[in-house]
Structure formats: C-alpha cells, structure tokens
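Each remark here refers to the structure printed beneath this line.
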Amino acid sequence: MQVWDLFYNANSVRDMIKQKIQEESLRTYLFSYSSIYDSLSLDILASMFELDKPVVHSIVSKMIINEELMVTSHLHMCALITLTEVAGIRHIYYWYRYSTLY
C-alpha cells in the first residue's frame, strides 16, 4: 500500500504495527481458548505468534496479574503454564471487560 510509504521511517512503523498485532492476537487467543487447555507451553505460543519468548512471558504475566488468565502454576520463564477453569459469570465479566477496552 502506497499510503504507508508516506510515514516517516515507514519500515519501523510497519514493524511496530506488525508486533502489536501479533501481541494482541496472542492475548485474544489466550482469552478465547484458555478454557479449552489444561496447560500451554510458552515456547509453542512464541512460535505460533512469531514472538520472542520473553515477550510471550510478559503478556501472559500481565494477563495473570490483571486476572484475565487464571493459572495454578506459573514459574518465572517456565516452559509451561497450568490453567484453571473460570466460573461462567466471571468468564463473561472478563470477556466484557476485555471487549470494552478496545
């Protein structure tokens, strides 16, 4: 698209937007499908979304802190996180909270 070439430092802008889309895609995936899994591997998530493992770890940690992702065990830079089930009404609350942020 020619409009992107009008930005100052256009390649950096494209890279930044690509990075943000990958990060939000990971958040959306975790929010949408975490109830299906018993555990998730940070390495697999990193490869699925083409993100560095520390970035995936940071996103997962922030989601845990904000109580958007419920886990039973989460070690620092652990290769695996174990998820817990969120009660129905609480899941709806998180869905609503997340959807109104954007």
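Any read-out appearing in this document is the output of simple, stated calculations on the displayed coordinates, not a laboratory observation. This structure is a prediction, so every number in the text was calculated from the model and none was measured. Methodologically, a virtual Cβ is constructed for each residue, glycine included, from the backbone with ideal geometry; neighbour enumeration extends over all protein chains shown.
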Seminar exercise, completed: With 0.36 nm assigned to each residue of separation and the Cα-Cα distance removed, VAL3 to SER35 gains 7.5 nm
Problem set entry | Listed peptides 58-64, 11-17, 27-33 by packing density, highest first (mean Cβ within 10 Å) | 58-64, 27-33, 11-17
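Going by the alpha-carbon gyration tensor, a ≥ b ≥ c the square roots of its eigenvalues, is segment 7-78 rounded (a/c under 1.5) or, if a/c is not under 1.5, prolate (a/b greater than b/c) versus oblate?
Because a/c hits 1.5 or more and a/b exceeds b/c, segment 7-78 counts as prolate.
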